[in-house]
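Here is the structure we will look at, set down as structure tokens.
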Amino acid sequence: MAPSCDRGQCSVGESGVASLRRGLRGNETLTHLGLRYVNLPRADNSDSSLEPPFSLARLLEEATGLTSLDLAFNIAQGSGHAVEDLQRALGSATRLRTLSLARCCVGGWRRARAVARGLAASTSITAIDLSHNGLGAAAPPPPPAGQQGSPRPFISMAVEALCRAVRANGALRVLRLPPHTPRGD
């Protein structure tokens, strides 16, 4: 069995991930890492109480042995360096084979585009879980019955970007998306 570490449901926050990242620097033995719920709301439950985002790119740069990473239930930041960081991390990870971004709020256009571009550039990712991110939530409604509309199916820009990425990534074998639900999950 491959060495693994699961920090699931243990809100270590940015400082904990930074310590873990430093400890994993150059470690080729640890291949599976679970980091669910890293940026949980703080105890005061204020609206701005999320832990700061951790750097996925720096984690992958330093934990070079990782082939499987589970980041489910973390909140991806929607703008600035965090989105570019996500794109760069996915595109440059050379050993990472499986990645879970389930329930990471990557369904918005900027985040979905970053994931799609990183996935398109990846030569190693063979399986990705993007379930429960609302990827189809922003699709335009179909035209009313009897009206002419575009012959193309109505899909969100996020899904369209993801479709382009799937076509570009020759390594991808598994793409996990949930069944359609009214909420767009």
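Quick notes on this structure:
- Residue, modelled with the lowest pLDDT, within region 10-39, restricted to residues that are hydroxyl-bearing (Ser, Thr, Tyr) and either in a loop (DSSP other than H, G, I, E, B) or within 13 Å of LEU66 (Cα to Cα) (or both): SER11
- Considering region 92-103, the residues that are at pLDDT below 90 and surrounded by fewer than 23 Cβ atoms within 10 Å (Cβ to Cβ) include one that is nearest to ARG58 (Cα to Cα), namely SER92.
- Single residue of region 111-138 satisfying the filter (more than 13 Å from the chain's Cα centre (by Cα) and not aliphatic (A, V, I, L, M)) that is surrounded by the fewest Cβ atoms within 10 Å (Cβ to Cβ): THR123
- Any hit, region 56-73, residues being part of a loop (DSSP other than H, G, I, E, B), farther than 23 Å from SER124 by Cβ and either at pLDDT 85 or above or open to solvent by 60 Å² or more (accessible area, probe 1.4 Å) (or both): yes
- ARG110, sole failed condition from (1) modelled with pLDDT under 85; (2) part of a loop (DSSP other than H, G, I, E, B); (3) of a type outside the set (A, V, I, L, M, F, W, C): (2)
- Contacts under 7 angstrom Cβ, first residue in region 18-32 being surrounded by fewer than 10 Cβ atoms within 10 Å (Cβ to Cβ), partner of a type in the set (Val, Ile, Thr), 6 or more apart: GLY26/THR64
- Residue list for region 138-179, restricted to those being at pLDDT below 65 and under 24 Å from ASP70 (Cβ atoms): PRO179
The values are calculated or read from the model by the stated rules, or taken from the named source; none is laboratory data. Being a predicted model, the structure only gives us computed values, none of them experimental. With ideal geometry, Cβ positions are generated from the backbone for all residues, glycine too; neighbour counts draw on all protein chains shown. When the accessible area is computed, the model is the full protein with side chains, heavy atoms only, and any ligands, DNA or RNA have been set aside. Shrake-Rupley method; radii C 1.70, N 1.55, O 1.52, S 1.80 Å.
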